[in-house]
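First comes the structure, then the notes that go with it.
Nothing in this text is a laboratory measurement; each read-out follows from the coordinates by a stated rule. Keep in mind that what you see is a predicted model, and the values were worked out from it rather than measured. Counting neighbours? That spans all protein chains shown, and the Cβs are built from the backbone with ideal geometry, glycine included.
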Amino acid sequence: MAFDFLVPVEDKVLAHCELLPVQAIGKNTYIHTVKDGLPVLANATVAILGVKESRNAFEKKLEKLNVSAIRLEFYKLLLGNWNATIVDLGDIEEGESVDDTYFVVKEIVAGLLEENIIPIILGATQDITYPAYRAFDGIKDMINLVAVDSRFDFGIDDELISSHSYMSKIITDKPNNLFNFSNIGYQSYFNAQEEVDLMERLFFDAYRLGEIANDLSLAEPALRNAHMVSLDARAIKASEISSSANFSPNGFTGREICAIARYAGISDKVAVFGIYEMENNVQSQQLIAQIIWYFIEGINYRIIESPHSKTDDFTKYTVPSDAEDLIFYKSLLTQRWWVEVPSIFTSHTKANTPALLPCTEQDYLDACNQNIPERWFKAYKKGFN
């Protein structure tokens, strides 16, 4: 059983929890301890999981990720008006080989997915996204992955899997369960033009840092459609998180990255949330703790709604166009928008209903002006491939 490989939370963290006020998260979390063993997973909403594996780091790590320090900062925060049950499973240490660590991550994440528990992975390096993605094998086909990252992480062709090339592995590895990949926050000078072209050829979505910073709500439809979110801390600007050379002067602010994490939490599809590439400094640990807080906050505002299930709660708009009519739905409850995509193969949907693609009101307004929304066009093309 892979759960046997989990290392309990350090005693110093537990000692710190004793001093916290009653409303603190640390007082309301079921923690894996040496004394009591693993917490009961029944009724858990989210499970915190540290992964200290860093041997495949592109920039070699000089020290192990201090997950305990992140826990200390997170446990200090006060609960929101939540009904979520939080468990902390402790850490996965480095295995004999990197593949051993990957196997344990995959098995534990798969076990949590089967129990409908959302793992929050605190990983030293972003290549941990790969075993977390493989955890869906046999549980769900056709995964939508969103990376909040300044790079696409396709890497060099023959490179072994690393934190800069794990996406190539995900795209090429069999069984190929990746349906869509969206990047939020890429910075052009970190990505070769060939990588940008590849994103276009595969009909994947990419949003530049400037686009999202100007209008954070652009990230919402991509995250609403995601089953898995991988957040690279290097997408955050250096002044907000770390002065280490691995971070860039440009990036998301603390407020923006927390808003993105909240959107990820609100999405009723997101089943795995991972934060990677953090540094061992107080500023980084505090920000990561707040990102986790906002993600859990989002989960508490989840509303499961679909235009196909309850049509009374939706307004349907039909926009005639030269090619074919575009059908939009607007939720009267949440003001969110969807558009029908007729061509996506039926294994991705129930029966023969057209697939519903999350979109924005601006997409609807563009369609009214006879401009086909790009996200609709990409999904339409993908369905025919």
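Details
- Note on V40 and S97: the extension gain reaches 17.6 nm, defined as 0.36 nm multiplied by sequence separation minus the Cα-Cα distance.
- Each label was represented as a point 7 Å from its Cα along the Cα-to-Cβ direction; for F190 and I304 these points are 3.6 nm apart.
- Principal-axis analysis of the Cα atoms of the chain puts helix 67-76 at an angle of about 80° to the longest axis.
- Peptides 229-241, 134-146 ranked from most to least packed, by the mean per-residue count of other Cβ atoms within 10 Å: 229-241, 134-146.
- Flagged links, alpha-carbon separation over 22 Å, of K269/K382; K12/K52; K27/K52; K52/K174: K27/K52; K52/K174
- The calculated Kirkwood hydrodynamic radius for the chain is 21.5 Å, given to one decimal from all distinct C-alpha pairs.
- Counting DSSP beta bridges with both ends in the chain, the antiparallel % (nearest 5): 30
- Most fluctuating residue given options Y166, Y317, Y186, as computed from a GNM of the chain linking Cα atoms under 10 Å: Y317
- 0 to 90° range, to nearest 10: angle between helix 282-299 axis and the chain longest Cα axis: 50
- Pairwise label distance in nanometres, T172 with L202, each label 7 Å out on the Cα-Cβ vector: 1.1
- The slack between F377 and Q362, meaning 0.36 nm per residue of separation minus the straight C-alpha distance, is 3.9 nm.
- Estimated from the Cβ-Cβ distance and a Förster radius of 51 angstrom, the FRET efficiency linking L333 and V22 is about 0.90.
- Estimated [θ] at 222 nm from DSSP helical runs (n ≥ 4, -39500 (n - 2.57)) normalised by residues in the chain, nearest 500: -9000 deg cm²/dmol
- Averaging the sequence gap over all C-alpha pairs within less than 8 Å and six or more residues apart, then dividing by the number of residues, gives the chain a relative contact order of 14 percent.
- Highest mean packing first, where packing is the average number of other Cβ atoms within 10 Å per residue, the peptides 320-328, 8-16 line up as 8-16, 320-328.
- The chain: angle of helix 98-114 to the longest principal axis, Cα-based, in degrees nearest 10: 70
- Per-residue Cβ neighbour counts within 10 Å put C368, C17, C359 in the sequence C368, C17, C359, beginning with the fewest.
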